[in-house]
Amino acid sequence: MSRHADTDEAPSSADLLRDLRIAATGARRALAVAERALETVAEKADTLSGAVYRTNDLGAMAFAATGEVLLTTDDVAGILRCSKATLARWRVLGTGPGYVKKQGRILYRAEAIETFVTSKERTKTRGVGAG
């Protein structure tokens, strides 16, 4: 803000130019942050769509009897960016996303993964609402 803000004196053109440069710098920084956030969202969307459309070992997508897409542990590990060992530990502890066992294979419903991720959202770092 200009140093003339609390006086009746009009700001000089140098002050106005400085204030505009400061505002422009802030806007450029905000735009850069927004662009990085969009890139991250796009990468996650690509990962998810790749996992959903990736075929399994038999060359066909895995579907539940209801027509839901079932994801393999490899797919889910990629989506959640964790290891298959972490998923196995979560299954033992009962803390991870819900899964089904079909013909000896561990599979996850895409909806269960979305619900799991949503349940981990936080609104603050401590106390109530910290998830």
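The values are calculated or read from the model by the stated rules, or taken from the named source; none is laboratory data. In this text the structure is predicted, and so the values were computed from the model without any measurement. Quick reminder, even Gly has a Cβ in these numbers, built from the backbone with ideal geometry, and neighbours come from all protein chains shown. Surface areas here come from the heavy atoms of the whole protein model, side chains and all, with no ligands, DNA or RNA. Shrake-Rupley method; radii C 1.70, N 1.55, O 1.52, S 1.80 Å.
Could you give the length gained on full extension between Asp15 and Cys82, defined as 0.36 nm per residue of separation minus the Cα-Cα distance, in nm? Display every interim value, and only then the final one.
Working: separation 67, 0.36 × 67 = 24.12 nm, distance 5.17 nm.
This chain segment gains 18.9 nm when fully extended.
What is the set of long-range amide H partners of Cys82 at a cut-off below 5 Å, with H atoms built 1.01 Å from backbone N?
Result for Cys82 returns nothing.
Can you tell me which of 115-125, 81-91 comes out highest on packing, and rank the rest after it, using the mean Cβ neighbours within 10 Å?
Details: 115-125: 10.3, 81-91: 13.5.
Top to bottom by mean Cβ count within 10 Å: 81-91, 115-125.
Karplus couplings for segment 88-97 from phi (6.51 cos²θ - 1.76 cosθ + 1.60, θ = phi - 60°), rounded to Hz, Gly and Pro as x?
Result, ordered by residue: 5, 5, 4, 5, 5, 7, x, 9, x, x Hz.
Per residue of segment 10-24, what does 6.51 cos²θ - 1.76 cosθ + 1.60 with θ = phi - 60° give for ³J(HN,Hα)? Whole Hz please, x for Gly and Pro, Karplus curve as stated.
In residue order, the calculated couplings are 6, x, 6, 5, 5, 5, 4, 4, 4, 4, 5, 5, 4, 5, 5 Hz.
Taking amide H atoms as placed 1.01 Å from N in the peptide plane, list the residues 5 or more away in sequence, or in a different chain, whose amide H sits under 5 Å from that of Ile106.
none
Using modelled backbone amide H atoms (1.01 Å from N, in-plane), which distant-in-sequence or interchain residues come within less than 5 Å of Leu70's amide H?
Result for Leu70 returns Ala62, Phe63, Ala64.
With every protein chain in place, what's the accessible area of Arg109 (1.4 Å probe, Å², nearest 10)?
90 Å²
Heads up, I need the accessible area for Asp46: 1.4 angstrom probe, whole protein in place, Å², nearest 10.
110 Å²
Which ³J(HN,Hα) values in Hz, rounded to whole numbers, follow from the phi angles of segment 106-117 under the Karplus curve 6.51 cos²θ - 1.76 cosθ + 1.60, where θ = phi - 60° and Gly and Pro get x?
Values, residue by residue: 8, 10, 10, 6, 4, 5, 5, 5, 4, 4, 4, 5 Hz.
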